[in-house]
1. Which residue out of 460, 505, 522 is more than 23 Å from residue 113 (Cβ to Cβ), in contact (Cβ under 8 Å) with a residue 24 or more places away in the chain, in contact with a strand residue (DSSP E or B) (Cβ under 7 Å, 6 or more places away or on another chain) and part of a helix (DSSP H, G or I)?
2. Taking segment 126-138 as the search range and keeping residues that are surrounded by fewer than 20 Cβ atoms within 10 Å (Cβ to Cβ) and in contact with a helix residue (DSSP H, G or I) (Cβ under 9 Å, 6 or more places away or on another chain), which one is nearest to residue 265 (Cα to Cα)?
3. Could you please give the count of residues in segment 406-421 that are out of contact with any strand residue (DSSP E or B) (no Cβ under 8 Å at 6 or more places or on another chain), touching a residue at least 12 places away in the same chain (Cβ under 8 Å) and within 18 Å of residue 507 (Cα to Cα)?
4. If I go through segment 88-117 residue by residue, how many of them are assigned to a loop (DSSP other than H, G, I, E, B) and under 28 Å from residue 318 (Cα atoms)?
5. Please tell me if residue 43 is surrounded by 18 or more Cβ atoms within 10 Å (Cβ to Cβ) and closer than 23 Å to residue 258 by Cβ.
6. Could you grab me the full set of residues in segment 168-210 that are in a helix (DSSP H, G or I) and in contact with a strand residue (DSSP E or B) (Cβ under 7 Å, 6 or more places away or on another chain)?
7. Note down all Cβ pairs under 6 Å where the first residue falls in segment 259-283 and is without any contact (Cβ under 8 Å) to a residue 40 or more places away in the chain, the second is assigned to a loop (DSSP other than H, G, I, E, B), and they're at least six residues apart or on different chains.
8. Of all the helices (runs of 4 or more DSSP H) wholly in segment 388-448, which have at least 3 residues that are modelled with pLDDT of 95 or more and within 18 Å of residue 374 (Cβ to Cβ)?
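The values are calculated or read from the model by the stated rules, or taken from the named source; none is laboratory data. It should be emphasised that the depicted structure is a prediction, and the values quoted were computed from it without experimental measurement. Every residue, glycine as well, gets a Cβ built from its backbone with ideal geometry; the counts of neighbours run over all protein chains shown.
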């Protein structure tokens, strides 16, 4: 994702601000807003000696090496594969590699760093991945909980059950957690936002990886954070070190049989007898505390909730006039552009397909979500064929659009435009490149692409529905929308970039919204265009050649 500016603030400023922590998640959101004259609180400088390791390991845990199939052709993008793959070690290896594995290594002036198939703010990767599966050939004779070690494309056996079957047949559980320290090291108080956006990207990445195998991903809305922490072992003393704690995020049922998610008593499963192995590695020798990030996590804890009926959403499938690459190629070549050329034009067909992929229930990235949509997309259209440059709103929820329109104090056009299944409103005509860049923390990339997006959340309504957890839910939805755009940009030969640095209230002003209101809030930006490659960078393979010999 694009680099965000880091404001220089003194230690005294931080200590003074820490004495006045907000009492609710609205206060956190307000305090971590960027503005042209003030950025949210971040580190005074980057201490490279304390940079967290991007790779979690559980030292002493038995390892299962996974086969690498990165040269095999997969189903055509966006999927799904016509026939579901058999749930075995071979298929799990492909699922985890496409969802969360490495895509390449980059090298420049003696520094080398990894890129992954799932994006992350600043390439810092706070999200960790766990898998809970029944016994299977190549995995073991009993059901077990595993941690996915991306660097080695291997499973670390964290805990073994006493029986071979603890889950319904036909699928497995995927667990996601976050290590906020990886983000706060660079981004300070705004880090909690970025962790949640990354979870949304991870949900979308898992859904796309599942589609490559003919599987389906379902986000489970019932378990509480305490249940997920107990199930994944995050509440154990050997799970992390001080100030490197992992926070529970989400559980997904990956249906290898393509069916709806079964009823799973996560609390009961977490209490089952297990034998634990391994201890978490230390990610940094030194740490800088960010009390507001810890406070935000406490304000957003999710309790166990009753089973809810999944929202009935029939989303159109993105249509494209010519064949697209296979899923593996699309996923592995996805990159976050650092610069865009400001010249390339996007066909209306590609524009329509990209935005259709973000509609509620759209396969694969939006399909896992059980909740109704709560985000509409503000579009800065720069260079799209047969679409006039200007400011547009993509309607994803009609009620949200109606209330937004009613609250606006500006005489916006609100001209309805239909492009295929898309319901768009033109709000302003004319060039909006300057506004897109200015409001993305003055980052030129937002105006140099074919179009840019600001994701406008139905904020207060969602917090009233779900309490503090609603804040996480909104960012997950935004991250998944970003993931869909990333993948479609890659599929059409372009690039995308998620932009977490933006001037929140400047966007609200463009919509005629008061900075005092919290009915609607900007939560994420994105841009799509033709990337300008840095020729100084050396690109290296994701994994060594000998890994392809694994069977």
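1. Unique residue meeting the criteria: 505.
2. Filtering first and then ranking leaves 136.
3. Number satisfying all stated conditions: 3.
4. Filtering segment 88-117 for residues assigned to a loop (DSSP other than H, G, I, E, B) gives 88, 101, 109-110, 117.
Narrowing further to those that are under 28 Å from residue 318 (Cα atoms): 101, 117.
Number satisfying all stated conditions: 2.
5. Criteria not met by residue 43.
6. Residues satisfying the conditions are 180, 195, 197, 198, 199, 202, 203, 206, 207, 210.
7. So the pair list comes out empty.
8. Numbers: elements: 398-407, 433-439, 445-448.
Once the helices (runs of 4 or more DSSP H) in segment 388-448 are filtered for at least 3 residues that are modelled with pLDDT of 95 or more and within 18 Å of residue 374 (Cβ to Cβ), what remains is 398-407.
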